[in-house]
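As structure tokens, the structure follows; a few thoughts come after it.
The values are calculated or read from the model by the stated rules, or taken from the named source; none is laboratory data. No experiment lies behind these values; they were computed from the predicted model shown. When the accessible area is computed, the model is the full protein with side chains, heavy atoms only, and any ligands, DNA or RNA have been set aside. Shrake-Rupley method; radii C 1.70, N 1.55, O 1.52, S 1.80 Å.
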Amino acid sequence: QVQLVESGEGLVQAGGSLRLSCAASGRPFSDLVMGWFRQTAGRQREFVAAISWSGNSTYYAHSLKGRFAISRDNNKNMVYLQMNSLNPEDPAVYYCAADYTYGSRDGGEYTNWGQGTQVTVSS
């Protein structure tokens, strides 16, 4: 079982930036593919980004590529999501997720989830 704890919740102005963090424990971190998803009330969970075991490969939701960046530090068992140019479509609960297989944008393929952290954007 992998435990994931997100942090970095915050309120930012439109156009601003925010970095989310996720601490993982319970399994060797370098065995895990890490992802970020987000969800707003009444909407389906949305894939944001994922990063491979070593961090050498990443992929993003098409609409977010260029504004968001996922990274990881395998020495600290941490994964990050840097969010820039935040706009009114970005507020959501952001979830960190982990699995062992790389390449899926489907949240159903991820077996471990954090509790989520709220991102709010003011206009």
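Before moving on, here are some points about what is shown:
- Relative contact order, percent, segment 26-65 [alpha-carbon distance under 8 Å, six or more residues apart]: 33 percent
- Shown in residue order for segment 38-54 are the 3J(HN,Hα) couplings computed by the Karplus curve 6.51 cos²θ - 1.76 cosθ + 1.60 at θ = phi - 60°: 9, 8, 10, 4, x, 10, 6, 4, 10, 5, 10, 6, 8, 9, 6, 4, 8 Hz (x for Gly and Pro).
- Rounded to whole numbers, the Karplus 3J(HN,Hα) couplings from phi for segment 88-104 are x, 8, 8, x, 5, 8, 9, 10, 8, 9, 9, 7, 10, 10, 9, x, 9 Hz, using 6.51 cos²θ - 1.76 cosθ + 1.60 with θ = phi - 60°, and x at Gly and Pro.
- Shape category assigned to segment 26-96 from the gyration tensor of Cα positions, a/c cut at 1.5: prolate
- Calculated accessible area for the chain comes out at 50 Å² per residue, all protein chains present (probe 1.4 Å; ligands, DNA, RNA ignored).
- Per-atom-type breakdown for the chain gives carbon and sulfur 44% of the accessible area (1.4 Å probe, protein chains only).
- Here the relative contact order of the chain, from alpha carbon pairs under 8 Å that lie six or more residues apart, stands at 36 percent.
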